[in-house]
Amino acid sequence: MSAPSNTPCPECGQAKPSSTPDGMCPSCLLRLGQIGDATAGITTDLDQVLSGETPGEHIGRYRLLEPIGEGGCGTVWMAEQFEPVRRKVALKLIKLGMDTKQVVARFEAERQALALMDHQNIARVFDGGATESGRPYFVMELVRGIPLTAYCDTAKLNVRERVELFVQVCQAVQHAHQKGIIHRDLKPTNVLVTEQDGKPLPKVIDFGIAKATGVELTEKTLFTRLNQMIGTPVYMSPEQAGLGSLDIDTRTDIYSLGVLLYELLTGRTPLDPQKLRSEGYEAILKTIREVDPTKPSTCLSTLALEDLATVANHRREEPHKFRNLIRGDLDWIALKALEKDRTRRYASAQDLAADLQRFLNNEPIVARPPSTFYRFQKLARRNKLAFATGGAVLAALIVGLIATSWQWARATRSLRQADLSAYVSDVGLAQQALTVNNVNRALELLDRQRPKPGQRDDLRGFEWRYLWQQAHPQEGVSVPGTLNGVSFSPDGQLLALTEKDQISIREMPSRRVITNLPGVAISLEFSPRDKVLATADFDRVRLWNTETWQELRPPLQGVGFPVRFSPDGAWLLTGDPTTPSNPRLNPKHQLWSTDTWEPVASCSATPEFPWQVRNAVAFSPDGSVLATPWVHNGQKTCTLRFWKVPSLDPAGSLPPDSFAWAAAFLPDGRHVVVGTFFGEQVVWDWQQGLPELPIKVVAGILPTVSMAPDGSFFIAAGNEGTLTVWDTRSRQILNRFRGYTGGIWASTISPDSRVIATGGFGAVRLWDAKDQESASRLRKGGLIAGFTPDSGTLVLAPSEHDYRWHLIGREPSTVEVPTNPAVRVSVVHHPFDAVGDLPLGALGRVDGSVEIWDLSARRLRAFWPAHTNEISVATLSPDGTLVATGDVKGQVKLWNASTGGNLASFDLPERPAKAVAELVFSPDGKTLAGGWWPSGFSDVVLWDVKTRTHLMSLTNSSEDTIAIAFSPDGRLLVGGPGGSGFGNVWELPSGHLLKQLKGHVTSITDAAFSPDGQTLVTGSYETLKFWNVATLEEVASLPTERAVLHSLAFSPDGRTLAAGYLDYSGPPNGTNQSGHFVRLYHAPSLKEIAAIEATEKKNDTHEAKTLPP
């Protein structure tokens, strides 16, 4: 609704026009985009800035130093952090009195937007919380920089340098878009430039009005109201200035980038700010929507000579040459980004960056209209000598041929590039949607990338198939209403679950209904000792005989949910729930003897939220300790209390701010796993009151956790519908299941620890825990040697703690190898390989000897002394006839794998005494590539296997090389430097560097191409990243395990990705002698997906999938 004409502007106090929406007047809105410092468009009244805070005041572990900026809803302070590291940070705090619902939501959205992103050109978020008065704040990287345009003018960067700097800004925006975030307020003051190692480094800041696309930034309601101006007018896209700004997408940022580029080139914005300032609100919006900008070169031609000289001087250019430098390519690139029709703009920030890179490389750009003269001009510039010596007739013929073929090829390439860009964007957004369990949105995005009629290429790679599977959970049983409780009988043959107005008893594994018990139940549980089922509502507990299904005795009156039996069945705990309609002054838990059904002791029960925290009641494994929740807003407390059993005397408690929402004891009885209100999973030593590092599991609440009866794993489930399975010993995630749209509120695990049952709104689902675990995680050594050609067997190599080959397949087997001489394995030591149907295995020893094993016959085929030093790498040619070895002193040798005959020693003139870290044969076996470690020799070296000659050396970086991979067709080579987070991709046989893959924070330790050549996966200490090979753009990423990623391999059928980890977190043990393990990522083939979808379409009902008994 429009504000009345007498409503004053909160910024300048002047009356606003009647058509102006809530907020500032048009002049103040415009000024936000024109003041050239970091505090653009804000009040500088220091008393207002310091309202509520003063320098020297502490907020959490941060000391405020001085205010450095202020926005519409928050104040930014420079602060000092003291622990765990000492550093200067920026702390953004919501303004006093600004904590309205919409402002708090927008403030939280900015924090969540920054937390989603990890890019060197985006300010990082470190921490967040609330002050003692409850005002939210978050802590981010302190960027000591100046606005982009001011930096470029001060440093007098020329046009090429400005474009190179601007490309980094585009890449940062592309990263945000891939994370599902639209900035919506890109302008110079939100792109600060600092210097790192003497080089300019732009940082995109202030995501205060960012918008999510398919990813929920905050649980609080956040939306853009109709007719509310979001953004800064001079940099605002036409769709932001439309009648409603709800329908905007990533292309709105492309427009703002176009304005930035225009300003970097000309020193002026496309729309005249002075003219806009003089117009009314509606006129401003109309100008943004309808007035086309002039070309940058035309803008320069309209400047006065004095102004043109100033602009050219800031760019180290001569005024009379400056306009010609801008005219042409940069004109077209800027105007394409500034198209009023967003469908005509660049499809992504990466496309804009790529076109600017083409300009820098003197290559034809996409934005320019395809004229024959233009293409001839570009071709001639790159081939001056040839065109200078060519005749006029020959030149005309070449131009004609080029014009015809180039136009066809360019149209084909443009169409394919658009399809690829859309694929990269949609798959990235689908993964983001899955992280917040927005399954429907994920499937919608994935469905958009199915081949369209007439489309020749199917772009769907491993990442698409993997995400499709993640979005298709196991089916379950539909039930009416909310499922509050679920419980297995002691023998696992029965499953009890609550429904809307009855209790359903089902036979397992058939899931056939045996009987329905009348009445409502909020909580239920089978006795582990007697044939008794206890059910509870608000004011009574009923006890049922599980043979006759009749009530065992009259209900226990005056008590209610939750109900819990002690592990030995001797005791039953009941609750005393208080509600607004049924308040109880001093609610208590009662402990009952199951022999006499008389109460023996009581303790305080939570006075608030009894339903929400009912799953925070748990007995220790030996039954000697009881945990109960305590939530009290007045006391600012949300914690667990512990009681001795059976006296219920106090035994301890967790800190009052532990925010416990669910709890389960671990097998040792000393540790308890807690699900929190903030979606974190925390393991506490409850006796000492010490927590382990919290793990963020879901975006919402964790209302239920359960421990497997065999103690091997526990589960945590969220109210947004995600179920996670965790290894008890390592605290590492084993699996993640999705699919609930209404959240999970109850869980239990069968007595044999094979089946997980979860309940939520309208459904109970059963998960085959053991099969899923074994299918995704193998504790068999963790050193991947290779797959057999039929994909039926995964071969794992021996290590210093497990001297066995492991063949994992339909008929698993092991092959023992001698323990002396030793085998040594590390991130840079790969002294093993396996190829072929047999399969054939190669193994290098610390004494320099090599062994060839026939693994099907379980015998040693050959061995010989190969080096005088320890072997660090051994690899077999694809056909198994050759073996290449490298040692810790940098020597590389080639051998006949059958006879052990030495075929070549590959010595380099400048070979340092560094260990060979990687040797890889090309798929056709004709080329051998090698990398060295540690730092000092960074080249990736290629040799011709047939001629035994050096082909080329590819400079990787100033770092070492510990990851090398060939594409299936041998046309691409990837090298991963060990000391940095990027990888290089070269084209073969030219050796031309195509691209640096940026995105990893830590070293790339291995890389692998999918068999179809569509997907490249790179692994580091923190993530697995999936890259579309056609575009070399990141399409998805997965967190790695809390261990050191050692190796990656795709199965030949492309359905499985194996990741091997070196786990140094604990001592070797019987189940995993080396402490290492393999994680398997499964993706069904496209044919399997089609068959599954055809079956789903035929079935009108969603009958549950029968689990094995």
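For this structure, a couple of remarks:
- Derived scalar couplings ³J(HN,Hα) [segment 833-845; Karplus, 6.51 cos²θ - 1.76 cosθ + 1.60; whole Hz; x for Gly, Pro]: 6, 8, 9, x, 6, 3, x, 9, x, 10, 9, x, 10
- The spread of Cα positions in segment 146-367, taken along each principal axis and listed from longest to shortest, comes to 53, 43, 33 Å.
- Dipole magnitude of segment 541-618 about its Cα centre (Cβ charges: Lys, Arg +1; Asp, Glu -1), debye to nearest 20: 240
- Under conditions of 4 °C and 1.567 mPa s, segment 497-602 yields 91 µm² s⁻¹ as its translational diffusion coefficient, taking Rh as the Kirkwood radius over Cα pairs in the Stokes-Einstein equation.
- Per-peptide average of other Cβ atoms within 10 Å, ordering 78-84, 875-881, 250-256 highest first: 250-256, 875-881, 78-84
- Normalised by the number of residues in segment 146-367, the average gap of Cα pairs under 8 Å and 6 or more apart makes the relative contact order 24 percent.
- Contact order, relative form, for segment 584-705: 18 percent (alpha carbon pairs under 8 Å, 6 or more residues apart, mean separation divided by residue count).
- For the residue pairs LYS92/LYS588; LYS187/LYS295; LYS893/LYS1025, the C-alpha atoms sit more than 31 angstrom apart in LYS92/LYS588; LYS893/LYS1025.
- Those aspartates and glutamates that a straight Cα-Cα span of less than 18 Å connects to LYS452, excepting residues fewer than 8 apart in one chain: ASP419, ASP426, GLU444, GLU1093
- The protection proxy used here, the mean number of other Cβ atoms lying within 10 Å of each residue, ranks peptides 630-638, 1004-1012, 892-900 as follows, highest first: 1004-1012, 892-900, 630-638.
- Hydrodynamic radius by Kirkwood, which averages 1/r over all alpha carbon pairs of segment 243-368, in angstrom: 15.6
- Dividing the mean sequence gap of close Cα pairs (under 8 Å, 6+ apart) by how many residues segment 497-602 holds gives a relative contact order of 16 percent.
- Where only C-alpha atoms are counted, convex hull volume of segment 780-907 per residue in Å³: 92
Taken together, the values in this text are just the output of simple stated rules run on the coordinates, not laboratory data. Quantities reported herein were computed from a predicted structural model and do not represent experimental measurements. FYI the Cβ positions are ideal-geometry reconstructions off the backbone, even for glycines, and counts take in every protein chain you see.
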